[in-house]
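Step one of this worksheet: look at the structure below.
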Amino acid sequence: MLHNLNRKQLISFIEFILKYPESKESRIKAELIKKELGTASDDFFDFQEDFTIVHLNKILAYILSLEVFNIQSGSMKQTLKYLMKKHFEDKMSFAELFTPTLSIQDIQDKHDNLIKELDEFQQKNTKYKRLKNMNRNSFEYNKIMDYKYFELNNNFAFECAKRKFPVLYLVELNYCSRIAENFFTHVGASFIKECINEREHFDAGIITAHCYKEVLDKLFDTIKEGKSFFNLFDRYYETEYTKLNEDEFDAHVKDFEPYYGNNPEFYDDKITRVLHTFRSPRLVNSKKWEADIRLNLALPTDQLVEYIKHVKKTLAVITTRRADGSLVDNIMPDTAADKMFTIYHKNIRSKREIRKTFGDIMFTYDCILEGINHKTIAHKLNQHREETNEKTLTEKTMLDLVSVYADIAHTLIQDMRFLNLIDYNFQLAQV
């Protein structure tokens with residue numbers, strides 16, 4: 001999966017094939033893509049006598065998900081190359097890595113076994129060269145600024161978790177692949193519909209040169225600018241709409257029997273389930289606190305907010321036992337990332353955009369793993385501030401801040417406190 005051609009080059013090949021499907025050069029480029037991806041060409045192309053057809057929804061699912069591995073660290077790339085080799089040899093499946101019943105202990109056990117095998121593998125191979133320099137203005141940190149406010153804790157937790165357990169990069173790869181494969185279902189259709197949120201079935205099928213040109217141009221421009229394909233979703237990617245299945249609907253209708261008696265026509269099948277599709281997968285610990293809540297979106301926003309607060313007070317309760325044996329219920333407090341960071345270190349500037357600070361923390365951690373010293377890290381962080389029109393700090397202040405970032409990163413990642421971002425009641429003794 002870590003290839004010689006980058007995403008921009010692959011996209012340029014696809015653009016050429018779409019523009020000149022009857023060209024012999026298109027067939028050559030398609031064969032190069034086949035060789036590059038190491039998979040059967042008929043997964044992505046149909047070769048007619050004088051025509052090359054692109055199965056664009058499939059090939060985009062493959063190419064777009066490459067952004068998961070768009071990282072700088074040589075050590076991490078070496079690890080991921082090994083993990084992907086294990087996966088493609090069918091010695092490791094996505095299913096066993098991330099099932100609803102999987103615990104953080106299961107992930108840690110799987111990780112420990114794989115890393116032990118990796119160490120033995122590396123002893124027989126040339127070890128990677130440590131980087132002397134890293135760029136704060138790279139994709140892996142810039143994408144953090146695109147995270148929506150409602151997904152921050154979830155995505156911050158996953159950013160930390162995959163650095164602790166690199167096997168989770170494969171989970172993220174699979175996650176992005178599935179979303180990208182449905183790219184045209186969510187986004188492409190909206191460019192040709194009068195009512196962009198119609199829910200009828202949409203089949204991307206085999207997409208040829210002149211279909212969906214507008215959305216393709218936007219997508220390709222986004223990739224060339226070094227941005228995530230998620231950037232095109234905006235108001236689409238956050239939610240996935242599905243109808244209740246028959247059993248769920250029957251169970252829900254029973255709740256309304258006292259209101260409509262023997263008149264089932266009172267209620268129809270227009271219930272919609274909304275599944276949040278964050279830019280990062282959800283860790284198992286977050287799922288135990290999730291609730292399926294019915295909301296009437298026609299109600300005023302302030303009423304809906306108050307209702308969510310009421311539900312949280314009712315459901316998200318932590319019960320503890322006092323010394324005298326009596327029980328007391330405590331409402332789970334908010335676990336905002338910025339509040340959590342300031343608990344560890346008071347000199348984190350609270351007025352600064354939390355996504356910028358978190359990006360700096362992840363950058364600092366990655367640099368330290370590569371053996372880069374604090375002074376170089378501080379210089380790079382100040383350089384990035386200057387490039388983004390943010391006030392730079394003195395060398396001493398920035399060095400102090402790097403030390404703070406390093407401590408926080410260690411606490412969040414190595415001590416696994418990232419779990420407290422999504423599960424306030426999680427105790428490390430459980431691991």
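The figures follow:
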| quantity | calculated |
| --- | --- |
| Condition met for residue 262 (open to solvent by 60 Å² or more (accessible area, probe 1.4 Å) and either part of a strand (DSSP E or B) or modelled with pLDDT under 65 (or both)) | yes |
| Selection status of residue 416, under 22 Å from residue 154 (Cα atoms), at pLDDT 95 or above and either open to solvent by 20 Å² or more (accessible area, probe 1.4 Å) or within 24 Å of the chain's Cα centre (by Cα) (or both) | no |
| Cross-chain or 6+ apart pairs with Cβ under 8 Å, region 404-431 first and more than 20 Å from residue 282 (Cβ to Cβ), then modelled with pLDDT under 90 and aromatic (Phe, Trp, Tyr) | 407/344; 408/341; 408/344; 411/344 |
| Selected residue (only one of 40, 30 is of a type in the set (A, V, I, L, M) and at pLDDT below 85) | 40 |
| Of all residues making up region 55-68, the number that are touching a Leu at 6+ places or on another chain (Cβ under 6 Å) and of a type in the set (A, V, I, L, M, F, W, C) | 2 |
| Cβ pairs under 7 Å, 6+ apart, first in region 18-39 and part of a helix (DSSP H, G or I), second open to solvent by 80 Å² or more (accessible area, probe 1.4 Å) | 26/20; 36/4 |
| Residue count for region 45-78, restricted to those that are over 19 Å from the mean Cα position of the chain (by Cα) and either of a type outside the set (Phe, Trp, Tyr) or open to solvent by 10 Å² or more (accessible area, probe 1.4 Å) (or both) | 17 |
| Selected residue (only one of 87, 3 is at pLDDT below 85 and either assigned to a helix (DSSP H, G or I) or at positive phi (or both)) | 87 |
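The values are calculated or read from the model by the stated rules, or taken from the named source; none is laboratory data. From a predicted model like this one, the values you see are computed outputs, not experimental measurements. Virtual Cβ from ideal backbone geometry, glycine too; neighbours counted across all protein chains shown. The accessibility values were calculated without ligands, DNA or RNA, using every heavy atom of the protein model including side chains. Shrake-Rupley method; radii C 1.70, N 1.55, O 1.52, S 1.80 Å.
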